[in-house]
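Let me begin by presenting the structure, written as structure tokens, before commenting on it.
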Amino acid sequence: MRGYYMKYIVKQKLVALKPTYEILDASGNPLYKVKGSFLGRESFEITDLDGETLAMCKTNVNVLSMIGSFLRYNFKKYHISVDGESVLSIARSLNIFSYKFAIDSVLGDVSLGYGMTGSHQFKLQEKVICDIDKRKLTLGGDEYHIEVDDTQDHKTFLLTAIALDRIYYTKR
């Protein structure tokens, strides 16, 4: 990757069967909190350390997501907004045998692919704008190392990393 990229760590913790996430800078210092509901119609947000909402992610519950839930697949569409403006939506494709995604974004034609190490890479006009690398820790939670192009809104891709975690690793 070229250019200047901000580095973040997103830590997931499983507390009483409810996932919680915290967002740290590259040195491990707390930057943001993630709070919300992760069941049914999911709604979660990034807040600063004082609790002020900075960005939100919501899902729709529709017939497809209910059928997917019955089949143990997550077909919810995750809508991410920053400062009240819709920025990006991501959903798993209808093919239950692959993990392809439909992405709608005001940024332009954003695509999702894989990097050399197996990380998820979001590209805009063939330029990597975000790299998400999952590091499995323990049964207590996972950790994601995220690099976001400095020209992009970081909160959008921090929430996108959590949405991907929900799509890949939740079965309801």
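Just one of (1) at pLDDT 90 or above; (2) not in a loop (DSSP other than H, G, I, E, B) fails for Leu49. It is (2). Can you find a residue in the range 91-99 that is modelled with pLDDT of 75 or more, more than 12 Å from the chain's Cα centre (by Cα) and in a strand (DSSP E or B)? Yes - at least one qualifying residue is present in the range 91-99. Being over 24 Å from Gly36 (Cα atoms), at pLDDT 85 or above and surrounded by fewer than 21 Cβ atoms within 10 Å (Cβ to Cβ) is true of Ser119.
The values are calculated or read from the model by the stated rules, or taken from the named source; none is laboratory data. In this text, all values refer to a predicted model and were calculated from it rather than measured experimentally. No Cβ is skipped: glycine too gets one built from the backbone with ideal geometry, and neighbour counts run over all protein chains shown.
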